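The values are calculated or read from the model by the stated rules, or taken from the named source; none is laboratory data. Just so we're clear, the structure is a prediction, and the values are computed from it rather than from any experiment. Neighbour counts are summed over all protein chains in view; Cβ atoms, including those assigned to glycine, are modelled from backbone coordinates with ideal geometry. Just so you know, the surface numbers come from the protein's heavy atoms only, side chains and all, with ligands and any DNA or RNA stripped out. Shrake-Rupley method; radii C 1.70, N 1.55, O 1.52, S 1.80 Å.
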Amino acid sequence: MPVALPPPVQGWTEPAFAPVREAFRHNFAEHGELGAAVAVHHRGRLVVDLWAGVRDQSTGAPWESDTLAIVFSATKGVTSLVLAHAHSRGLIDYDRPVADYWPEFAQHGKEHVTVRELLSHRAGLPYLDAELTPALLADHDRLAHHLAAQAPVWTPGTRHGYHSVTIGLYAGELLRRVDGRTVGAYLAEELAGPLGLDLYVGLPEDVDPDRLAPMAGGSWRDLAADPGAVPLGHLLARALPWTTAARTFANPPLRTANQLAEPAYRAVELPHGNGFATARSLAVLYGEFAQGSPVLGVDEESLRALEEQPTEPSGGERDVNLKVRTRYSLGLWKPFPGWRFGSDGRAYGTPGAGGSFGFADPATGTGYGYVPNRMGLRIWDDPRDVNLREALADCLRAEARRTS
């Protein structure tokens with residue numbers, strides 16, 4: 001039987017970053033990539049902008065330069081950079097209580113919860129009792145009522161646990177309280193517009209849905225083929241409907257994560273999970289922050305806050321929901337012993353279900369974006385992403401040697 005050849009890789013790299021192209025090609029040959037894009041923004045310019053494969057498995061349509069993919073929880077990183085921009089403008093102070101901006105939030109012992117604690121998955125609010133239907137998600141006032149009335153699961157600030165959905169909803173309402181705009185509107189006007197990004201939270205009506213790359217895969221059969229993909233403790237907790245982990249990931253009541261890209265959900269803004277992006281846009285956005293924000297003018301204090309290592313919760317870094325050690329700060333993931341990315345501890349970013357990832361590496365002035373349309377199953381370190389990041393790291397080390 002003839003061996004299928006990997007699809008031709010489109011786009012370009014600067015010569016010093018050619019190994020990333022080879023790693024990208026390797027993903028199609030060895031890691032089952034269907035369609036994907038990867039981009040790197042380094043010291044003020046794009047140095048990698050690649051795409052290849054099939055955009056839509058059902059039609060065979062190819063991935064194009066402007067193909068958009070849903071990036072799931074990588075949306076949280078975009079939302080966090082929106083709030084960092086708002087912080088730079090003086091709209092929020094990370095160390096003030098949320099209730100200073102949103103008085104109704106001060107219920108059930110939440111009056112002292114700070115913005116920093118809320119954004120760092122420490123508020124004890126990983127799920128919402130009200131069912132998150134598209135109608136409720138579209139009604140910001142009614143949603144805000146439910147968010148404010150929710151009681152914490154643990155004493156705020158003492159532990160952290162991944163707030164899979166609610167962190168975006170709380171962040172969105174906080175921004176609405178201090179600015180009046182939603183995350184999607186603020187992103188479009190203050191960040192995406194000036195930077196020329198193809199990046200959205202929710203899908204605007206004027207964006208052609210034929211540009212979307214439908215996700216493929218992600219079944220339990222796929223999970224069985226990669227038994228180490230998800231921490232065992234997390235899987236066991238998810239299987240017991242009364243646990244915090246199960247309640248966190250059961251609302252909205254989706255058949256699959258891919259449902260977030262269907263019309264009912266993509267028509268509303270979900271700052272935690274329905275961002276639509278090109279890899280190029282993720283790389284440029286993170287690159288802007290990594291190199292000191294020359295275009296957007298985010299101030300030094302706000303940039304340094306993103307780079308700082310968070311203090312450990314008094315209850316330790318074991319995640320209440322994921323059941324492994326994790327590290328979060330201001331809505332973003334930080335490198336920790338179980339997961340390294342970037343050059344040092346100043347890096348920050350957010351992975352998404354399926355394998356998408358965007359991060360900033362301030363040590364090298366680099367922004368990275370990767371978006372696929374075959375659903376990976378790992379919470380982090382998807383083999384395709386690891387392959388690309390390792391090639392990029394080699395390129396950056398080689399550049400450092402050349403310039404030293």
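Overview of results
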read-out: Residue match in the range 314-321 (condition: in a loop (DSSP other than H, G, I, E, B), in contact with a helix residue (DSSP H, G or I) (Cβ under 9 Å, 6 or more places away or on another chain), in contact (Cβ under 8 Å) with a residue 24 or more places away in the chain and not acidic (Asp, Glu)); value: yes
read-out: Residue match in the range 68-80 (condition: surrounded by 22 or more Cβ atoms within 10 Å (Cβ to Cβ), in contact with a helix residue (DSSP H, G or I) (Cβ under 7 Å, 6 or more places away or on another chain) and farther than 30 Å from ALA148 by Cα); value: yes
read-out: Tabulated pairs, the range 224-249, first at negative phi and assigned to a loop (DSSP other than H, G, I, E, B), second at pLDDT 75 or above and not polar (S, T, N, Q), C-beta under 6 angstrom, 6+ apart or interchain; value: ASP226/LEU377; ALA229/LEU377; ALA229/ARG378; PRO231/LYS323; PRO231/VAL324; LEU240/ALA246; THR243/ALA237
read-out: Residue in the range 28-46 that is under 20 Å from GLY354 (Cα atoms), in contact (Cβ under 8 Å) with a residue 12 or more places away in the chain and acidic (Asp, Glu) present; value: yes
read-out: Positions within the range 306-321 being within 17 Å of TYR348 (Cα to Cα) and among the hydrophobic types (A, V, I, L, M, F, W, C), in sequence order; value: LEU306
read-out: For GLU117: the one exception among (1) open to solvent by 30 Å² or more (accessible area, probe 1.4 Å); (2) within 29 Å of GLU301 (Cβ to Cβ); (3) touching a residue at least 60 places away in the same chain (Cβ under 8 Å); value: (3)
read-out: Index of the failed condition, PRO62 passing every other in (1) open to solvent by 10 Å² or more (accessible area, probe 1.4 Å); (2) touching a residue at least 60 places away in the same chain (Cβ under 8 Å); (3) in contact with a Lys or Arg (Cβ under 8 Å, 6 or more places away or on another chain); (4) not charged (D, E, K, R); value: (2)
read-out: Filter result for ALA264 (assigned to a helix (DSSP H, G or I), open to solvent by 50 Å² or more (accessible area, probe 1.4 Å) and in contact (Cβ under 8 Å) with a residue 12 or more places away in the chain); value: yes
read-out: Sole exception among (1) open to solvent by less than 30 Å² (accessible area, probe 1.4 Å); (2) part of a loop (DSSP other than H, G, I, E, B) for ASP344, by number; value: (1)
read-out: Filtered residues of the range 29-68 (kept if in contact with a Gly (Cβ under 6 Å, 6 or more places away or on another chain) and over 21 Å from ALA277 (Cα atoms)); value: ARG43
read-out: Hey, GLY202 open to solvent by 50 Å² or more (accessible area, probe 1.4 Å) and on the phi > 0 side of the Ramachandran plot or not; value: no
read-out: The range 122-137: number of residues that are surrounded by 16 or more Cβ atoms within 10 Å (Cβ to Cβ) and in contact (Cβ under 8 Å) with a residue 60 or more places away in the chain; value: 7
read-out: Which listed residue is at pLDDT below 95, open to solvent by less than 50 Å² (accessible area, probe 1.4 Å) and part of a loop (DSSP other than H, G, I, E, B), from PRO271, PRO252; value: PRO252
read-out: Filtered residues of the range 364-404 (kept if hydrophobic (A, V, I, L, M, F, W, C), in a loop (DSSP other than H, G, I, E, B) and touching a Leu at 6+ places or on another chain (Cβ under 9 Å)); value: LEU377, ILE379
read-out: Residue within the range 76-92 that is more than 30 Å from THR256 (Cα to Cα), touching a Pro at 6+ places or on another chain (Cβ under 7 Å) and in a loop (DSSP other than H, G, I, E, B) present; value: no
read-out: Contacts under 7 angstrom Cβ, first residue in the range 281-300 being within 14 Å of HIS85 (Cβ to Cβ), partner of a type in the set (S, T, N, Q), 6 or more apart; value: VAL298/SER88; ASP299/SER88
read-out: Residue in the range 44-55 that is under 23 Å from the mean Cα position of the chain (by Cα), open to solvent by 50 Å² or more (accessible area, probe 1.4 Å) and farther than 17 Å from ALA393 by Cβ present; value: yes
read-out: For VAL298: the one exception among (1) within 19 Å of the chain's Cα centre (by Cα); (2) aliphatic (A, V, I, L, M); (3) part of a loop (DSSP other than H, G, I, E, B); (4) over 22 Å from PHE72 (Cα atoms); value: (1)
read-out: Yes/no for VAL165 being touching a residue at least 40 places away in the same chain (Cβ under 8 Å), closer than 23 Å to LEU81 by Cβ and either open to solvent by 40 Å² or more (accessible area, probe 1.4 Å) or touching a Phe, Trp or Tyr at 6+ places or on another chain (Cβ under 6 Å) (or both); value: no
